[in-house]
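What follows draws every value from the coordinates through simple rules; no lab data is involved. Only a predicted model underlies this, so the values are computations on that prediction, with no experimental measurement involved. Quick reminder, even Gly has a Cβ in these numbers, built from the backbone with ideal geometry, and neighbours come from all protein chains shown.
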Amino acid sequence: MVATINKDKCMYCGACTSVCPFMALELRETSIHVYSDKCTDCGICVKACPVGAIKLIPGGGKE
Amino acid sequence: MKYDTNWDVIVVGAGPAGIKAGEELAKRGLKTLVIDRKQEIGAPKRCGEGLSDRWIAISGLEVDPTWARQRINGAILISPKGKQVWIDTEKIGKGGGYIIERKMWEKFLAANAIRAGAKFMLKANVHDVIKEDEYVKGIKVNYMGDELELRSKIVVAADGVDSRIGRMAGLNTTLPLVEMDSGFQYEMAGVKLLDPNKMELYFGSEIAPRGYIWVFPKGKDVANVGVGINGAHDKTARYYLDKWIEENEERFKDASVIEINAGGIPVTSPVEEFVGNGIMLTGDAARMVNPIHGGGMGTALEAAGMLADVAKDAISSGDVSKEKLQRYQDIWMEKHGDEFRKILKVRHFFEKLNDDQLEAIADMVLKGGLTPDVLVDLGHGKGLTQIIKALIKASPSAAKFLMGFLKG
Ligand SMILES: Cc1cc2nc3c(=O)[nH]c(=O)nc-3n(C[C@H](O)[C@H](O)[C@H](O)COP(=O)(O)OP(=O)(O)OC[C@H]3O[C@@H](n4cnc5c(N)ncnc54)[C@H](O)[C@@H]3O)c2cc1C
Ligand code: SF4
Ligand code: SF4
């Protein structure tokens, strides 16, 4: 499973990138880049997100 | 815009920490570049915009109505059952402040930094640091689509709570989830305020688990209405704010949103290492945030002078090693280390209180058993013993639980 960002919900606030222990998420101001190879499916970012924009999806999503 | 490739100092991040560091470094004659990935300084904000007079003095700015939106002379603390504790901080000698328009304020700050000689580069995402012989020697940045490598004697990581630059440099700056507050806010117009000169703070486990809801006035009917909850919570910050606004329909029925903000707030101790070879951390990136209320703009500003003194000295002596730069951390810890430890203790205490105990504190203040200044002092890590002793008196059944905090 890989963290996947719902970009319609995402506020590009960086709360998820701050807590990801594996630097698998990178905020680029108007997008969040997910390094799928680094994501370990730990789910920490899912809880951190203030708006519930992250889901763990098999294989990961597009953004 | 064309930019030189060699600098004395490159500052990554143009928030309050980075902008002010840029100014102080330039004032000391250092050739300084401040870089941010945003295309506009100050926007989008991730902030409730509360700033006290003490920090405004340190910012070096004259109060200007362009950014000083609303004078604040105190706060109203609201208990889980809705009891209001009014505190006029100005009257009890604890000072006041403003709710600012952060975007304008940061642009004023940046203009001052530029007048001091600093240069700025925007829409520039720093994606890596240049490391050679165990030293950080510069950064790799994508500036409006162009890949650039810029070199400097020192890199200052002022990149906010993300603190990725520090991690790239090899420092452990990953924020543990339980030490972060997840924040969500609407800036709204048409809000009914209790008093436009007071910040409203709402507490309770149903309202904001291990956090609080705030209403910060930005005019007679405009306010930042936000929430911070512990990051490890299952429901989202947005859920709690929407729920609360719905429950307070009477105050919000004529209101609507003019801006939506979100963000993570470090509410813990500062990072263990502020410096490495050729790198210095400041602001949220070093977690210089007051862990009781989450305010971080002031401490971010204040650190700039300390950082610039040490950077200037290191660059002049040709030694930018971790050992040489360590003095910056020592100076900061000397000033705030003890205070932050005490504030964190206050936070941990309040996180464990249940709603009845919060209610009991409100009752004690309202009935005169505790003076309101004790509550203000908590924000500086003082007065915890007094509160615990008063609580033990009010609820002897909880004495054992409470005594634990007196010892710890
Ligand atoms: C919801 C919320 C409410 C808050 N309310 C208050 C309040 O009322 N009062 C208060 O004092 N504090 C408040 N805070 C905290 C305050 O916003 C921060 O402490 C403050 O912004 C820290 O300043 P900084 O300069 O360290 O970081 P930031 O202001 O976060 O600035 C960091 C900058 O670095 C840039 N950046 C990051 N990475 C890169 C990169 N790789 N390349 C280029 N640029 C990069 C970012 O774009 C950003 O502009 C609040 C925070 C939140 C989330
Ligand atoms: S699931 Fe864990 S590893 Fe994957 S992005 Fe989220 S925090 Fe990082
Ligand atoms: S925490 Fe949520 S809203 Fe914020 S950047 Fe990450 S996915 Fe987007």
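Listed values, structure above:
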{"quantity": "Along principal axes, Cα extents of the range B:29-95, largest first, whole Å", "calculated": "52, 26, 22"}
{"quantity": "Dipole axis of chain A (+1 Lys, Arg; -1 Asp, Glu on Cβ), positive-most option in A:58, A:24, A:35", "calculated": "A:58"}
{"quantity": "Total charge dipole magnitude, the protein assembly as shown, about the Cα centre, Cβ charges on Lys, Arg, Asp, Glu only, Debye to nearest 20", "calculated": "360 debye"}
{"quantity": "Phi to ³J(HN,Hα) by Karplus 6.51 cos²θ - 1.76 cosθ + 1.60 over the range B:99-107, Hz, x for Gly, Pro", "calculated": "8, 9, 8, 4, 4, 5, 4, 5, 5"}
{"quantity": "Too-long pairs where the Cα-Cα distance tops 19 Å, listed order kept, from B:20/B:107; B:153/B:324; B:103/B:218; B:91/B:198; B:81/B:400", "calculated": "B:81/B:400"}
{"quantity": "Diffusion constant of the protein assembly as shown at 37 °C, which comes from Stokes-Einstein with the Kirkwood Cα-pair radius and 0.692 mPa s, µm²/s", "calculated": "143 µm²/s"}
{"quantity": "Label-zone membership for the range B:68-93, site residue B:373, 7 angstrom Cα→C-beta point, backbone N under 11 Å", "calculated": "B:91-93"}
{"quantity": "Partner lysines for residue B:335 [C-alpha distance under 18 Å; skip if fewer than 8 residues away on the same chain]", "calculated": "B:345, B:382"}
{"quantity": "Over chain B: helical MRE at 222 nm, DSSP H runs n ≥ 4 each giving -39500 (n - 2.57), nearest 500", "calculated": "-11000 deg cm²/dmol"}
{"quantity": "Size of electric dipole in the range A:2-57: Cβ of Lys, Arg +1 and of Asp, Glu -1, about Cα centre, debye, nearest 20", "calculated": "120 debye"}
{"quantity": "Test item: B:156-163 mean partner chain Cβ contacts at 10 Å", "calculated": "3"}
{"quantity": "Relative packing of peptides B:134-140, B:300-306 - highest average C-beta neighbours within 10 Å first", "calculated": "B:300-306, B:134-140"}
{"quantity": "Cα-based radius of gyration of the range B:1-57 once divided by 2.2 N^0.38 Å, which approximates compact folds", "calculated": "1.31"}
{"quantity": "Enclosed volume per residue, in Å³, of the convex hull spanned by Cα atoms of the range B:1-152", "calculated": "164 Å³"}
{"quantity": "Per chain A, cysteines lacking a partner by the 4.7 Å Cβ criterion", "calculated": "A:10, A:13, A:20, A:39, A:42, A:49"}
{"quantity": "Chain B: proportion of alpha-carbon pairs further apart than 36 angstrom, %", "calculated": "27 percent"}
{"quantity": "Inter-chain shielding of B:183-193 (mean C-beta neighbours from other protein chains, 10 Å cut-off)", "calculated": "1"}
{"quantity": "Selected from B:267, B:308, B:256, residue furthest toward positive end of dipole (the range B:232-325; charges at beta carbon)", "calculated": "B:308"}
{"quantity": "Descending principal axes extents, chain A, alpha-carbon based, whole Å", "calculated": "23, 21, 19"}
